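Written below as structure tokens is the structure these notes are about.
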Amino acid sequence: MVPTGGATGGGSTTYYTLTATAGGGGKIAPSGKVRVSRNSDKTFTVTPGDGYEIADVLVDGKSVGAVDSYTFERVRANHTIAASFQAEGQRPVWYPFADVKEDAWYYDSVKDIYERGLMNGTSKTTFSPELATTRGMIVTILWRLEQEPESGAAMSFTDVTAGSYCFDAVRWAAEHEIVKGYTATAFGPADTITRQELAAILYRYARYKGADVSAADDLAAFTDRPDGWAEDAVKWAVGAGVLSGKGSGVLDPKGRATRAEVAAMLHRFLSNTAN
């Protein structure tokens, strides 16, 4: 923590340091060490140079994707943000992450989704397959898949703030009814996404793309059931080969979707449905 600033009204202000860096091929603004007062917000803008595009942005060493802005909200600690760039049109070159072994059930899925530029590692050497994925991240992945379309719709979710990494993605997805909130004003972008929520989003995305969503499994092979609102989507996801069980009659629709499971579901969706 940076030493407190001058006293104001008999008290003092606590400041933290946000350190921003950028690799060759672009810039981040502001850059260097930025002093931010406690509980305030700070937005960083990432801009590629001519002939370059954003490859990835790491916040505290973890990937938030190829976003062009990121906002630290209610700052209460020191943080780092680092942007990297690549030549336009350059597909990521696969290199095995230390935690993605060739005999892992998700190896081919992670490789495919990484090479498509839809998911990055959590660091240069790790993918963190067992970590959870958030609702905001999933929507951002689909938005990237659509080449980051613009949306003129108003943002109805008060918990998705302008300048946040998923703001444009959520606004686009909500406009096309690909995502729904918990309520008319609450989306929960930082909440862990469940397997049935991911199935529902992919189901709606498939309809948006005009894909055939008539496949449906009766789920009779499973002992656990999705919530009623997600039943049609889960039946489609199982029937279309997008979602599979975990063995012993367990589907786990209400369980969290790990990064490995997200990669697998996206891989199957793109292979079986989107072509």
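Would you mind stating whether THR192 is more than 20 Å from ARG144 (Cα to Cα) and at pLDDT 95 or above?
no
Might you check whether a residue that is in contact (Cβ under 8 Å) with a residue 12 or more places away in the chain, out of contact with any Ser or Thr (no Cβ under 9 Å at 6 or more places or on another chain) and crowded, with 21+ Cβ neighbours inside 10 Å occurs anywhere in the stretch 259-270? Talk me through it step by step, then tell me what you get.
First, pick out the residues of the stretch 259-270 that are in contact (Cβ under 8 Å) with a residue 12 or more places away in the chain: 259-270.
Filter again for out of contact with any Ser or Thr (no Cβ under 9 Å at 6 or more places or on another chain), leaving 269-270.
Applying the additional criterion that residues be crowded, with 21+ Cβ neighbours inside 10 Å yields 269.
Yes: the stretch 259-270 contains one or more residues that are in contact (Cβ under 8 Å) with a residue 12 or more places away in the chain, out of contact with any Ser or Thr (no Cβ under 9 Å at 6 or more places or on another chain) and crowded, with 21+ Cβ neighbours inside 10 Å.
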Subject >> So LEU198, is it out of contact with any strand residue (DSSP E or B) (no Cβ under 9 Å at 6 or more places or on another chain), closer than 17 Å to ALA66 by Cβ and either open to solvent by less than 50 Å² (accessible area, probe 1.4 Å) or free of Cβ contacts under 8 Å to residues at least 24 places away in the same chain (or both) >> reply: no
Subject >> Residues satisfying the stated conditions in the stretch 228-254, i.e. over 25 Å from ARG116 (Cβ atoms), open to solvent by less than 10 Å² (accessible area, probe 1.4 Å) and either part of a loop (DSSP other than H, G, I, E, B) or among the basic types (Lys, Arg) (or both) >> reply: LEU251, PRO253
Subject >> Tally of residues being farther than 23 Å from ASN272 by Cα and basic (Lys, Arg) across the stretch 91-111 >> reply: 1
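State whether one or more residues within the stretch 177-193 are of a type in the set (Ser, Thr, Tyr) and surrounded by 15 or more Cβ atoms within 10 Å (Cβ to Cβ). Break it down stepwise before answering.
Looking only at the stretch 177-193, we keep the residues that are of a type in the set (Ser, Thr, Tyr), and these are 182-183, 185, 192.
With the extra rule that they be surrounded by 15 or more Cβ atoms within 10 Å (Cβ to Cβ), the set shrinks to 192.
Yes, because at least one residue in the stretch 177-193 is of a type in the set (Ser, Thr, Tyr) and surrounded by 15 or more Cβ atoms within 10 Å (Cβ to Cβ).
Would you mind listing the strands (runs of 3 or more DSSP E) fully within the stretch 37-154 where at least 2 residues are under 22 Å from VAL170 (Cβ atoms) and either open to solvent by 30 Å² or more (accessible area, probe 1.4 Å) or free of Cβ contacts under 8 Å to residues at least 24 places away in the same chain (or both)?
Working: elements: 42-48, 52-59, 62-65, 69-72, 79-87.
Those strands (runs of 3 or more DSSP E) span 42-48, 52-59.
The values are calculated or read from the model by the stated rules, or taken from the named source; none is laboratory data. Small disclaimer: the values here were computed from a predicted structure and weren't measured. When we count neighbours, we look across all protein chains shown, and the Cβ atoms used for this are built from the backbone with ideal geometry, even at glycine. The accessibility values were calculated without ligands, DNA or RNA, using every heavy atom of the protein model including side chains. Shrake-Rupley method; radii C 1.70, N 1.55, O 1.52, S 1.80 Å.
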